[in-house]
Amino acid sequence: MRYFVTGATGFIGKRLVRKLLAAPGNTVWFLAREGSAGKLASAQAFWGAGSARATPVFGDLLQPLLGVSDAERAALAGQVDHFFHLAAVYDLRAGAEQQVAANVEGTGNAVDLAAALGAGCFHHISSVAAAGLYEGTFREDMFGEAEQLWHPYFATKHEGEKIVRERCAVPWRVYRPGLVMGDSRSGEADKPDGPYYFFKLIQRIRGLLPPWMPAIGIEGGRVNIVPVDYVVDALAFIAHRPGLDGQCFHLTDPVSHRVGEVLDLFARAAHAPPMRLRVNAALLGLLPAWLRNAISALQPVRRLHQALMEDLGLPEGILQLVNWPTRFDNRAAAAALEGSGIACPPLEQYAAPVWDYWERHLDPALHIERSLRARVAGKVVLVTGGSSGIGLATAQRLAEAGATTLICGRDEAKLAAARAQIQARGFDVATYRADLSDTADSLRFVQVLLAEHGRVDVLVNNAGRSIRRAVEESYDRLHDFERMMQLNYFGALRVTLGLLPAMAAQRSGHVVNISSIGVLTNAPRFSGYVASKAALEAWSYCAAAEYADLGVAFTTINMPLVRTPMIAPTKAYRDAPALTPDAAAGLVVQAIVNTPARIATDVGMFGLGMQLAAPHMAQIIMNTAYRLSAEPEGADARGAPPASPELRAMQHLLHGVHL
């Protein structure tokens with residue numbers, strides 16, 4: 001058999017080509033773009049076939065007759081038994097113009113080429129999205145009955161299929177797969193879309209709650225999910241069955257799951273809390289349409305909606321699809337597959353490998369370093385307190401990512417040692433001696449920075465001082481509170497105020513403040529430290545509201561306990577769970593890449609929730625921790641007995657709350 005395939009290097013396409021080439025003697029011509037030699041070599045290696053059996057035909061999906069030359073068309077005329085058209089845009093994030101070009105115009109170009117070549121049969125891979133949001137069961141023999149094609153993806157898949165039905169001059173067949181996920185055995189997938197969009201949310205819930213505690217999920221319509229191996233096997237088999245031209249086949253799961261059931265299945269696969277307490281999204285439909293439209297048209301609501309979608313990594317329009325009302329009848333496909341042994345496995349069977357593959361290979365957090373380089377390469381980044389601990393670890397990551405990295409500190413020797421450590425890894429930083437607790441020196445430092453660099457694109461306010469002392473031991477030590485405010489609040493404020501005008505002028509900038517989880521939990525013995533960090537947080541949130549439309553972002557990181565020299569003198573922290581400086585630097589990198597308003601550990605956010613929902617209970621918990629960690633006056637970690645079992649248990653239960 002001889003085949004022509006578009007989209008041969010895509011998710012479904014490359015697996016289909018491998019399936020077609022598995023039979024001895026079969027050959028495949030596939031559409032490729034000029035200059036894609038590297039991608040072609042990778043695809044041919046995946047297929048296990050050289051150019052003699054898998055031959056590229058250079059062209060372009062968006063050109064008439066797919067841009068295939070006259071000479072190539074003449075050579076292929078009458079040679080193609082089956083023409084498979086898979087090339088399309090499947091991404092909900094893509095713009096309407098891009099989807100129209102690929103899914104509609106591209107399909108027209110493919111149909112014309114198939115006719116010009118005199119192909120034996122044209123196989124069009126459409127999607128269940130071609131039915132729109134049809135109310136009820138959509139059969140395989142239905143097409144014009146599609147409803148609510150308001151989303152560009154739905155509309156363009158429908159229009160593309162319409163072109164095949166009305167313009168295709170050779171015999172044709174249409175296939176509508178459900179939402180295609182990874183391989184049912186290995187979980188392998190190329191990119192996360194569709195149901196994968198909710199995986200990050202499940203991952204975050206897993207970090208916040210224990211696996212035995214039911215979580216609140218959403219309930220909605222039904223979604224039809226299929227693994228890619230089923231789609232490929234069914235497509236290849238039906239395409240070769242005789243007497244089926246002019247028909248449509250739903251490559252779907254006979255059992256459609258409700259949205260809440262799908263999320264719960266993947267939550268269990270992730271060992272996350274089960275989502276069994278579900279809020280039905282259809283309740284929003286009870287609001288009058290005019291009221292929903294009026295609310296959504298408000299600028300603050302639009303901006304809040306956009307911020308929420310970006311924070312959760314969800315594409316625009318995905319929430320409207322939660323109430324998908326369509327079921328899909330697949331009796332024609334089932335009849336065509338009868339006797340083949342090909343059947344869609346239940347989602348319960350392959351949810352675990354799909355989740356595992358995503359978390360090991362596709363989780364966006366795995367590619368954070370590449371994203372950091374894209375964000376800071378060639379930009380000026382200042383890390384205060386960069387000669388040790390979190391600051392030094394952060395400076396190393398930034399220098400490796402190509403940023404013009406600046407660090408400051410009070411100790412010339414420590415700064416020199418920090419620079420030498422970074423240079424030993426093949427990178428460099430500029431060092432500045434500065435005492436940020438001193439007003440005059442802070443102003444001098446800012447002027448030097450602006451004179452030498454012109455601006456700072458990203459400021460990481462990391463320099464800080466912490467004193468761990470109970471209030472009852474601080475009656476005569478007001479100077480301790482003043483010292484912490486001078487550096488942790490006023491020091492950061494002086495530098496930020498000095499650099500903000502240049503950020504606002506270029507309408508681009510980012511201020512990252514290293515705060516503490518103690519601000520969320522009101523940690524005992526840290527009243528002065530927490531107060532200074534809380535002051536910086538409050539100021540930053542006010543400033544963020546003023547600069548939001550000027551391109552300047554502010555991020556607060558409520559850092560948990562980090563194993564640095566700052567905590568060494570405290571015996572209670574000897575056995576306490578703590579992040580390494582490198583892990584803490586990872587949170588700073590996350591802040592720079594994603595520019596969220598806040599980054600906090602899940603325990604920290606749980607603590608904040610406790611403070612808001614049950615403040616008296618939160619006080620009791622923190623008071624218990626305070627009494628368990630009582631130390632003799634003047635005690636330190638040297639030679640001190642280990643923490644009590646009760647304290648160690650609470651420290652591990654409340655991981656990181658104690659900073």
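The values are calculated or read from the model by the stated rules, or taken from the named source; none is laboratory data. If you're wondering where the values come from, they're calculated on a predicted model, not measured in any experiment. Quick reminder, even Gly has a Cβ in these numbers, built from the backbone with ideal geometry, and neighbours come from all protein chains shown.
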- Given 505, 548, 535, 544, which one is in the same structural domain as residue 398 (by TED's automatic domain parsing), more than 22 Å from residue 589 (Cα to Cα) and out of contact with any helix residue (DSSP H, G or I) (no Cβ under 6 Å at 6 or more places or on another chain)? 505
- Query: Within region 90-120, restricting attention to residues that are in a loop (DSSP other than H, G, I, E, B) and free of Cβ contacts under 8 Å to residues at least 60 places away in the same chain, which residue is farthest from residue 61 (Cα to Cα)?
  - Reply: 120
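For every residue, the table says whether it meets (1) touching an Asp or Glu at 6+ places or on another chain (Cβ under 8 Å); (2) closer than 25 Å to residue 67 by Cα.
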{"site": "105", "(1), (2)": "no, yes"}
{"site": "114", "(1), (2)": "no, yes"}
{"site": "128", "(1), (2)": "no, no"}
{"site": "135", "(1), (2)": "yes, no"}
{"site": "139", "(1), (2)": "yes, no"}
{"site": "145", "(1), (2)": "no, no"}
{"site": "150", "(1), (2)": "no, no"}
{"site": "157", "(1), (2)": "no, yes"}
{"site": "160", "(1), (2)": "no, yes"}
- When you go through (1) touching a strand residue (DSSP E or B) at 6+ places or on another chain (Cβ under 8 Å); (2) closer than 14 Å to residue 329 by Cβ; (3) surrounded by fewer than 19 Cβ atoms within 10 Å (Cβ to Cβ) one by one for residue 128, which number turns out not to apply? (3)
- Task: Considering only residues that are of a type in the set (A, V, I, L, M, F, W, C) and over 23 Å from residue 589 (Cβ atoms), look in region 489-501 and name the one that is surrounded by the most Cβ atoms within 10 Å (Cβ to Cβ).
- Result: 490
- Note on the structure: Within region 5-23, restricting to residues that are outside any helix (DSSP H, G or I) and hydrophobic (A, V, I, L, M, F, W, C), the one that is surrounded by the fewest Cβ atoms within 10 Å (Cβ to Cβ) is 23
- Item | Search result, residues across region 428-444 that are in contact with a Lys or Arg (Cβ under 9 Å, 6 or more places away or on another chain) and aliphatic (A, V, I, L, M) | 429, 430, 434, 436, 443
- Task: Inspect all residues belonging to region 110-124 and state whether any of them is buried (at least 22 other Cβ atoms within 10 Å of the Cβ), aromatic (Phe, Trp, Tyr), in the same structural domain as residue 164 (by TED's automatic domain parsing) and more than 36 Å from the chain's Cα centre (by Cα).
- Result: yes
- What number of residues in region 66-89 are crowded, with 17+ Cβ neighbours inside 10 Å and not in a helix (DSSP H, G or I)? 10
